[in-house]
Amino acid sequence: MRSIWNGAISFGLVSIPIKLVNATENHSISFRQIHLADGGRVRYRKVCELEGEEIPAAEIGKGYEEPDGSIIPITDEDLAQLPLPTAKTIEIVSFVPASEIDPLQMDAAYYLAANGVSAAKPYTLLREALKRSERVAIAKFALRGRERLGMLRVVDEVIAMHGLLWPDEIRSPEGVAPETKVTVREAELDLADALMATLGEVDVSSLHDDYREAVEAMLAAKSGEAIEREMPEAGEAATGQVIDLMAALERSVRAAKESRGEAAEVTPIARKRGAAGAAGSRSKAGSGGGAGAGAGAKPGSGGRGGAGAAPKAVGGKKSTAAKSGAGASGSGGGSAAKKTTSAKSTASSGAAAKKKSTAAAGGAAAKKKSATPRKRTSA
């Protein structure tokens with residue numbers, strides 16, 4: 001592997017010549033910009049804003065732009081004169097437990113290779129010291145014109161270095177957590193633990209980039225090579241909506257067990273019902289059938305077999321309409337009439353219901369009287 005930086009590790013009075021090698025590589029597929037009309041490649045050209053002409057790389061330097069837009073030229077000589085003791089040195093400043101390093105600080109990763117035969121002994125000494133102490137080394141180094149923070153640890157038989165962000169480069173998570181107060185039940189946590197235990201561990205080396213493989217297959221197909229691709233079945237797309245958290249957790253545990261060939265049995269978590277919900281269920285079940293209250297039955301004595309108890313009017317008095325409905329109801333149609341009358345009496349007060357029933361009775365009598373034909377008297 002090609003080294004990108006040569007220097008030395010400063011370990012107290014011990015100096016270890018090393019070479020810095022990239023420990024990671026990018027496998028992402030990159031695209032080029034083209035002209036849609038003819039497929040020609042579109043390239044970026046560096047043009048001077050004042051002259052409007054393309055500038056060669058040899059004539060391009062650095063500059064710092066101030067808030068007012070003016071540019072301060074900076075040369076390589078200016079940067080070389082800055083006091084940067086870590087320009088060619090990885091200076092170890094302390095050794096700390098790995099747990100003290102926040103993963104948010106992790107940046108690029110490098111391998112440190114011993115540079116020369118004389119570096120083998122001190123390199124091995126530092127590696128074995130890190131192993132035995134079970135600690136990591138915190139160091140400062142300079143790369144690409146700026147000083148950086150690093151963490152040295154042992155990977156197999158090699159010392160690796162992770163670039164670290166400076167503490168003031170980590171943003172505070174203030175305002176990111178949900179602002180709505182949410183209560184998580186013990187039953188939900190139990191199911192979440194069951195799902196975690198069912199999924200178990202995974203060999204990270206077995207994971208791969210599905211998107212990159214799909215892009216490669218698409219490119220191969222467009223270049224003329226036939227590629228058979230398995231399309232997901234209808235209904236497999238995630239909706240992004242979780243209606244019932246408990247049900248979703250139970251399904252997840254069941255699916256995870258089925259994928260492992262285990263018995264897909266999930267112990268259901270008992271859901272407590274309130275007293276009002278249980279009473280409503282019994283009332284709803286009783287209103288489905290059975291004989292209604294007879295003419296001689298008391299209001300509300302239908303119980304579970306009839307239409308249910310007649311509601312009381314406001315003030316503790318039973319409504320006149322409810323009484324008349326209970327007296328006139330039969331075994332079939334009387335139940336429906338009683339239910340309608342009970343609903344009306346619930347919405348009004350006792351006095352209003354009584355007045356309304358009296359008025360209705362008077363109106364019915366007047367209507368009956370007016371409908372009777374008059375006897376004509378002879379002259």
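The values are calculated or read from the model by the stated rules, or taken from the named source; none is laboratory data. Everything quoted here is computed from the prediction, not taken from an experiment. Note that each Cβ is placed from the backbone with ideal geometry, even for glycine, and that neighbours are counted across all protein chains shown. When the accessible area is computed, the model is the full protein with side chains, heavy atoms only, and any ligands, DNA or RNA have been set aside. Shrake-Rupley method; radii C 1.70, N 1.55, O 1.52, S 1.80 Å.
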Sorting check: for 10-16, 100-106, which peptide has the highest mean count of neighbouring beta carbons within 10 Å, and how do the rest follow?
10-16, 100-106
Convex hull per residue volume in Å³, alpha carbons only, for the stretch 1-157
224
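Net charge around A57, counting only other residues with Cβ within less than 12 Å of its Cβ (Lys, Arg = +1; Asp, Glu = -1)?
That works out to 0.
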In Å, the Kirkwood hydrodynamic radius from C-alpha pairs for the stretch 1-81 sits at 18.5
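Stretched out fully, how many nm does the piece from E216 to I4 gain, at 0.36 nm a residue minus the Cα gap? Don't jump to the answer; show the numbers that get you there.
Details: separation 212, 0.36 × 212 = 76.32 nm, distance 2.99 nm.
Result: 73.3 nm gained on full extension.
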Rg over Rh of the stretch 114-195, using C-alpha atoms and the Kirkwood radius, what does it come to?
1.24
Accessible heavy-atom area order of T124, T183, highest first, probe of 1.4 Å
T183, T124
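Could you tell me how many cubic angstrom of Cα convex hull volume the stretch 88-135 has per residue?
Numbers: hull volume 5.1 nm³, N = 48.
Normalising the Cα hull of the stretch 88-135 by residue number yields 106 Å³.
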